[in-house]
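Report on one structure; see the data block that follows.
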Amino acid sequence: MKTYDWIVVGAGITGAALSYELAKTGFSVLLLEQNEIADNATRYSYGGLAYWSGNTPITRQLCADAIARYQILPQELDADIEFRELDLLLTIPSTSDPEIAAKSYANCAIPPRLLTVTEAGELEPLLNRDAIVGALTVKHGHIHPEKTTQAYIQAFLRIGGEIQIAQVLDVFTNAVKTATTTFASANVAICAGGLSRQLLKAAGIPIKLYFTHAEIIQTPPVDLRLSTLVMPANIQRFQLEAQSTQVDELWNQPGNEPVPPILDAGAIQFQDGSLRIGQISRTLTDPHAEVNSQASEQWLRTSIGKILPALENLPGTWYHCLVAFNPHRLALIGAIPELEGVHIFSGFSNPLVFVPPLAQRFAKYVSSKEDEIISQLLSDRSAKASG
Ligand SMILES: Cc1cc2nc3c(=O)[nH]c(=O)nc-3n(C[C@H](O)[C@H](O)[C@H](O)COP(=O)(O)OP(=O)(O)OC[C@H]3O[C@@H](n4cnc5c(N)ncnc54)[C@H](O)[C@@H]3O)c2cc1C
């Protein structure tokens, strides 16, 4: 049986980028993904790159790394990932104070600029001016997340990486098991997104990694033109993440919902003219919990209709996925103490910005043991409890 240097579990953006960077560093790598056709958080993502948002020395460095990385990535991966810059529009509802909204972003490397209602309407003509008291704007990056992931995977295969479609059922030191095969490897990296916690739990490993059930509507290409990426200035999801994880134990049983669902009304148009309209986030602790798609779709349509009325009744399909998060750190990276050779690489804040540079840095770190940022993330992690 072949023994790989690394097995990477999960082929969303995280597993794809990490597999590529590990293979580029010279390791033999097997990427295992359970679904032939992507049905994951990467697939339904808006694709926004908040590279302006760094507010600590590490996050500012990673934002700078990310923008430099994305500038050369299309050429290095030899693929069009639709990397571009656009205006982000953060809406401030009529009930809020615009100055307070602006202040909450004051520590960012590039703080978004406050706009009057008229200025916001000029920037985004589809905006309902009556629903807001102002808006914030900043230049935002944008990629096609699924094309970027595929670009990483194709480049990985070209340099000798291997991929198999199989669900990993169990993880051990030096091996992973699927329904039909045991694959041997010196190291394993878990990049299973919202299913990472469940997979590690099956292996007897508790980890403080969580997930939301996210819901969106995707439209086919449409004639109308949305000029900006629209999101609320006060993103409720961050509060939901912090509150829902106060009692970790609740996440060990299915059937809990630590806090009620929220909806952050937002939308983005991709270069083919299709739109993603979101986003509901639910803290259902069962990753396989059913949600009422009809009620959710209605909630999404009504909410976006208040901000961008032209989008309310567009044709579109409701989708659901799991999004991994950890509310305390910018990522969960590093060896799992209880299982030698098994590593976690998941739970990123600002994932589309941080994953490419951290995948590159992680590959460098495991080959040379040198990387300032990875060393710091690892020591932060070991200073705190498990997870
Ligand atoms: C509506 C929406 C908008 C978003 N907008 C943004 C944004 O603008 N900017 C941003 O940075 N982020 C955004 N995000 C978040 C970001 O897209 C995700 O956090 C990121 O793509 C997650 O990548 P991942 O690889 O960790 O997980 P995923 O993409 O979920 O991939 C995990 C993969 O692991 C596989 N897997 C799981 N278990 C197993 C197993 N046992 N065996 C084999 N394979 C397994 C799954 O099938 C899946 O393909 C958004 C998310 C959503 C839902």
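Read the figures in this text as sums done on the coordinates, not as results from a lab. Please read these numbers as outputs of a predicted model, since none were measured by experiment. Heads up, the Cβs are rebuilt from the backbone with ideal geometry, glycines too, and the neighbour counts pull from every protein chain shown.
General remarks:
- Principal-axis analysis of the Cα atoms of the chain puts helix 145-158 at an angle of about 30° to the longest axis.
- At 1.306 mPa s and 10 °C, Stokes D of the range 19-129 from Kirkwood alpha-carbon radius, µm² per second: 90 µm²/s
- Charged-residue dipole, Cβ positions (Lys, Arg, Asp, Glu), the range 128-215 about Cα centre, Debye nearest 20: 180 debye
- Loop-resident trypsin sites (Lys or Arg not before Pro) (DSSP state other than H, G, I, E or B) in the range 231-295 with no more than 14 further Cβ atoms inside 10 Å of their Cβ are absent.
- Burial order of peptide ranges 133-141, 70-78 (average beta-carbon count within 10 Å, highest first): 133-141, 70-78
- Using the Cβ-Cβ distance between Asp248 and Trp299 with R0 = 22 Å, the FRET efficiency computed as 1/(1 + (r/R0)^6) comes to roughly 0.15.
- 10 °C / 1.306 mPa s Stokes-Einstein diffusion coefficient of the chain, Kirkwood radius on C-alpha pairs, µm²/s: 74 µm²/s
- Formal net charge of residues neighbouring Leu284 (Cβ-Cβ distance under 12 Å; K, R +1; D, E -1): -3
- Distant alpha-carbon pairs in the range 181-253 (separation over 16 angstrom), percent: 69 percent
- Contour minus Cα-Cα distance for Asn35 and Asn256 (0.36 nm per residue): 76.9 nm
- Distant alpha-carbon pairs in the range 244-387 (separation over 21 angstrom), percent: 58 percent
- Between the residues Gly273, Leu339, Trp251, the greatest Cα displacement towards the positive end of the dipole of the range 230-373, with unit charges on the Cβ of Lys, Arg, Asp and Glu, is found for Gly273.
- Over the range 69-190, the fraction of Cα-Cα pairs per 5 Å bin, rounded to whole percents and listed from the shortest bin up, is 2, 9, 13, 11, 10, 10, 10, 9, 9, 8, 7, 3, 0.
- By DSSP, the beta bridges lying fully in the chain are antiparallel in about 70 percent of cases.
- Here's the picture: charge each Lys and Arg Cβ at +1 and each Asp and Glu Cβ at -1 in the range 1-122, and of Thr56, Ser94, Phe83 the one pushed furthest to the positive end of that dipole is Thr56.
- Segments 104-111, 191-198 sorted - mean Cβ within 10 Å per residue, highest first: 191-198, 104-111
- Cross-link table Lys2/Lys24; Lys139/Lys364; Lys24/Lys147; Lys103/Lys208; Lys147/Lys306; Lys147/Lys201, entries beyond 26 Å C-alpha to C-alpha: Lys139/Lys364; Lys103/Lys208; Lys147/Lys306; Lys147/Lys201
- Cα long-axis angle, helix 372-383 against the chain (0 to 90 degrees, to the nearest 10): 80 degrees
- Highest-first arrangement of 288-296, 267-275, 53-61, where packing means the average Cβ count within 10 Å: 267-275, 53-61, 288-296
- The local environment of Val247, defined by Cβ-Cβ distances under 14 Å, has a net charge of -3 under the rule Lys, Arg +1 and Asp, Glu -1.
- Helix 13-24 vs. the chain, principal-axis angle (Cα, 0 to 90°, nearest 10): 40 degrees
- For the range 261-345, the fraction of alpha-carbon pairs in successive 10 Å shells from zero, as %: 14, 35, 26, 17, 7, 1
- Label-point gap, in nm, between Gln61 and Ala202 - each point 7 angstrom along Cα→Cβ: 3.7 nm
- Cα centroid separation, the range 195-267 to the range 286-321: 15 Å.
- Placing +1 on the Cβ of every Lys and Arg and -1 on the Cβ of every Asp and Glu, with nothing else charged, gives the range 1-115 a dipole about its Cα centre of roughly 320 debye.
- Each helix, a run of at least 4 DSSP H residues, gives -39500 (n - 2.57); summed and divided by the residues of the chain, these come to -10000 deg cm²/dmol at 222 nm.
- Normalised contact order of the range 231-338, rounded percent, pairs of Cα under 8 Å and 6 or more residues apart: 24 percent
- Quarter of Cα convex hull surface for the range 128-249, i.e. mean projection, nm²: 12.7 nm²
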